[in-house]
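Notes follow once the structure below has been shown.
Only the coordinates and a few stated rules stand behind these numbers; no lab work does. Bear in mind that the values here come from a model prediction, so they are computed numbers and not experimental data. Glycine also receives a Cβ, built like all others from the backbone with ideal geometry; neighbour counts cover every protein chain displayed.
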DNA sequence: CGGTGCCTTGATACCAGTCAAATAAAGTGG
DNA sequence: CCACTTTATTTGACTGGTATCAAGGCACCG
């Protein structure tokens, strides 16, 4: 279940622990090997749907959402990246434009690896190849799960599934039950693929049922077992 | 857009043009190199969700659907395989159980390549590696498109998109406008992620609007342009 | 204070799912 | 080849889950 570590960046000289919360635009420092360290504040775009990739990004620290904008307004969040994962590999491998966007949801540090370096290394480093293959496979599995959920589960079920999945990916805060990621209601809705208001109503209903607590954007899970039951209910 | 050819099977000794329509269970003939030629009739299962992969399959001839069964009854078709594509690579690469099933939708010939052979070749053949990477990437892109469609488009839009997509994948029959694949209404519904009856109603409405013709399971596209317009309408 | 953005709740409409029943089509055995 | 069963398709009526529209509350901030 856990991903292998990333052979491209394990020995990377970039210090991820650095100043994450710096204000202003993405800050970049050139490294000796052509890589660049990029520091982003919350809500900044890493790359956008439709643009041309010039390299891949490695998420060293922070949280990034991968999302897609449909024709009209509404966006769909496809997944969140974990620290250590590579972003933008799909487009580079197929030599296509990005078909999704990446945006930070908190201050983050990424390492940019130029196209030629990535492709060259991918050509000769077997560990990297295995890492990328495994990552793509896993993302495909998650995407397919999401397709199934969207077409056969209700919004309530999907919301329950997603809360549990957020715990899987990000875990809890120190209290051991508050999910370690803060999303706006809209992001939550874009994640489940439902309207904003519907999502709020369902969160409230979960709260009334004693499954969760809500405190602003903090979400505390009180009864994960019942939440899981709800997620798999027949209808 | 077109996939590169498949380095694993291009020089494969298996003759795909053989007796596709043989009755009875999947027939297999051992090849010198441990591969097996498998002949399937329509509707046979190639592999099923939850079982353990022992190799990969190459679709030499025919049509295969990749689908997933949710907890309760309804199935979701994720995609169709093209001739020349490998099936079941995801599970093997991650060393996991299958998370989806593959079923023939017409008489088909597949080549089974045992796990050890596939993994060994994947380890040393760069072309194969590139092929698999490219395929996984493309499947991921398609899956993500589907997620977006499911969450922001109406059933009618999705149906239009899927008809156009079927043309892309399978093309037309000799008349140049009848889609070269025959699906049951239920398969159509499982593909768009909607109820059977809803799908039928929408197909009828497309017919009334003069966009398509229906003749049993044959679907003839009369006005592809308007179908495309319908697919991207605001709501 | 009066924005501005986010969250919440209410009322209403409608898309699409479900249930039910009538054909139509496709097998099946004699 | 026909009668019979089974399965697939179609249409209708109804219901309900969600989206949409609208208004109000709340917090943060210049």
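With a 10 Å cut-off around each Cβ of B:125-134, the average count of Cβ atoms from other chains is 3. Assuming R0 = 51 Å, can you tell me the calculated FRET efficiency for the pair residue A:232 and residue B:83, based on Cβ-Cβ distance, to the nearest 0.05? So the FRET efficiency works out to roughly 0.85. The mean count of C-beta atoms from other chains within 10 Å of the C-beta of residues in B:88-101, rounded to a whole number, is 3.
Reported to the nearest whole Å, the Cα centre-to-centre distance from region A:72-120 to region B:86-139 is 25. In plain terms, the residue of A:37, B:229, A:42 with the fewest other Cβ atoms within 10 Å comes first and the most crowded comes last, giving B:229, A:42, A:37. Sorted from closest to farthest, the other copies place their residue A:182 label points 6.0 nm away, with each point set 7 Å from Cα along Cα→Cβ. Which FRET efficiency value, to the nearest 0.05, is calculated for residue B:217 and residue B:73 with the Förster distance at 25 angstrom and r the Cβ-Cβ distance? After rounding, the FRET efficiency stands at 0.65. Distances between copies at residue A:52, taken between label points 7 Å from Cα along the C-beta direction, are 4.9 nm in increasing order. Taken over region B:146-215, the ratio of Cα radius of gyration to 2.2 N^0.38 Å equals 1.07. Residue A:222 label point (Cα plus 7 Å toward Cβ) to equivalent points in the other copies: 6.0 nm, shortest first. Classify region A:27-149 from the C-alpha gyration tensor, please: rounded if a/c falls under 1.5, else prolate or oblate depending on whether a/b exceeds b/c. Cα axes put region A:27-149 in the oblate bin.
Once you order the gyration tensor axes a ≥ b ≥ c over the Cα atoms, which shape class does region B:113-235 get: rounded for a/c under 1.5, otherwise prolate or oblate by comparing a/b with b/c? It comes out prolate by the Cα gyration axes.
Calculate the FRET efficiency for residue B:130 and residue A:208 from the Cβ-Cβ distance with a Förster distance of 45 Å, rounded to the nearest 0.05.
For R0 = 45 Å, the calculated efficiency reads 0.25.
Treating region B:181-235 as a set of equal point scatterers at the Cα positions, no solvent, please give the Debye-formula log₁₀ I(q)/I(0) at q = 0.24 Å⁻¹. One equal scatterer on each Cα of region B:181-235 leads to -1.08.
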